[in-house]
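Take a look at the structure below.
The values are calculated or read from the model by the stated rules, or taken from the named source; none is laboratory data. Keep in mind that what you see is a predicted model, and the values were worked out from it rather than measured. Neighbour counts run over all protein chains shown; Cβ positions are idealised from the backbone, glycine included.
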Amino acid sequence: MPERTSYDPGVPCWVDLSTTDIDGAISFYGGLFGWDCQKAPQEEAGGYVMAYLRDKAVAGMVAQGPEQQSQGVPPNWTTYFATADADTTAKKAEAAGGTVFLPPFDVLDVGRMAVIADTAGAVFGIWQAKAHIGAGLVNEPGALSWNELIVEDPEAVIPFYRETFDHDVEVFGPEGPDAYRILKVSDNGIAGILKKPADMPAEVPPHWLTYFSVDGTDATVAKIKELGGSILAEPFDIPEVGRIAIALDPAFAAFGVITNARPAS
């Protein structure tokens, strides 16, 4: 269902953008997806921007701090997995071989979070909902549609996600070393794992990629270019999945867009 009021533990529930140009991001994504972007009024929120569709929160954006910029952290979208207990999940992730970059902490009265890297080094967040459950709208044009982990060795990282979130795993399509894996919660596919493509530059690290649903991939690609973004992968079709493209926003944060082949669920 597109409208959400809760998320099961282990399901991606939120995404946010860390960028060097917050005003440019507001203009770009607002123009692309029709987002109503609003900066949080609380000073302690650090200028965090909430993006809304139909009055439902769909994503967040925040300006990178001086420390991130000095370390050369590129603009990026972060995937957050729902958890009933951020402290317990962080401990599980560490026991499974991950690295807890930011230990669990409270975000005002809206939730409790941590930032973690899996055993391949791909960074993600965990979110224990309080006032903010995560995205209130998914699988509709302009909203979160899919999350995909891109790593050199998918098989090697699967145990981490099993031990941290109790994810099941299923192969989508042909078996083999390059098979696409689906992470599952309660028999529902919730994210994918893709072996890093041979043509992807060696310097691109393991990472989680965010996909947004769109009405028409080709038209969206044209709009991305018009708004100052660029295209990493021109539109292509995956049978029974949809038509996909991979893009960079003007600050070079990567994201995907997809016109789903099946009705939203």
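Considering Ile126, Ile133, Ile158, the condition of being under 15 Å from the mean Cα position of the chain (by Cα) and either assigned to a strand (DSSP E or B) or not hydroxyl-bearing (Ser, Thr, Tyr) (or both) is satisfied by Ile126 alone. Could you please find all residues in region 161-187 being of a type outside the set (A, V, I, L, M) and in contact with a His (Cβ under 7 Å, 6 or more places away or on another chain)? Within region 161-187, Tyr161, Lys184 qualify. Criterion applied to Ile133, Ile116, Ile158 was being more than 30 Å from Asp199 (Cβ to Cβ), touching a residue at least 12 places away in the same chain (Cβ under 8 Å) and not aromatic (Phe, Trp, Tyr), and the one residue passing it is Ile133. Among all residues of region 86-94, there is none that is outside any helix (DSSP H, G or I), surrounded by 14 or more Cβ atoms within 10 Å (Cβ to Cβ) and at pLDDT 95 or above.
With respect to (1) part of a strand (DSSP E or B); (2) without any contact (Cβ under 8 Å) to a residue 12 or more places away in the chain, the lone exception for Thr78 is condition (2).
Do you know which residues across region 76-99 are within 25 Å of Ala253 (Cα to Cα) and within 18 Å of the chain's Cα centre (by Cα)?
Passing the criteria: Asn76, Trp77, Thr78, Thr79, Tyr80, Phe81, Ala82.
Flag: Val138 does not match the condition of being β-branched (Val, Ile, Thr) and surrounded by fewer than 20 Cβ atoms within 10 Å (Cβ to Cβ).
Being free of Cβ contacts under 8 Å to residues at least 60 places away in the same chain and aromatic (Phe, Trp, Tyr) is the requirement here; does Tyr48 meet it? When the stated conditions are applied, Tyr48 passes them. Whether a residue is exposed (fewer than 14 other Cβ atoms within 10 Å of the Cβ) and touching a residue at least 24 places away in the same chain (Cβ under 8 Å) was assessed, and Ala63 does not pass this test.
Looking at Val204, is it surrounded by fewer than 16 Cβ atoms within 10 Å (Cβ to Cβ), at pLDDT below 95 and within 20 Å of the chain's Cα centre (by Cα)?
yes
Tell me, please, whether a residue that is among the hydroxyl-bearing types (Ser, Thr, Tyr), at pLDDT 95 or above, within 18 Å of the chain's Cα centre (by Cα) and not in a loop (DSSP other than H, G, I, E, B) can be found in region 212-225. Yes, the conditions are met somewhere in region 212-225.
Going through (1) in contact (Cβ under 8 Å) with a residue 40 or more places away in the chain; (2) within 24 Å of Gly72 (Cα to Cα) one by one, Gly192 falls short only on (2).
Just to be sure, is Thr99 surrounded by 14 or more Cβ atoms within 10 Å (Cβ to Cβ) and out of contact with any Cys (no Cβ under 8 Å at 6 or more places or on another chain)? No; evaluated as a whole, the condition is false for this residue.
Kindly check whether there is at least one residue in region 244-252 that is touching a Lys or Arg at 6+ places or on another chain (Cβ under 6 Å), part of a strand (DSSP E or B) and surrounded by 13 or more Cβ atoms within 10 Å (Cβ to Cβ). No, the conditions are met nowhere in region 244-252.
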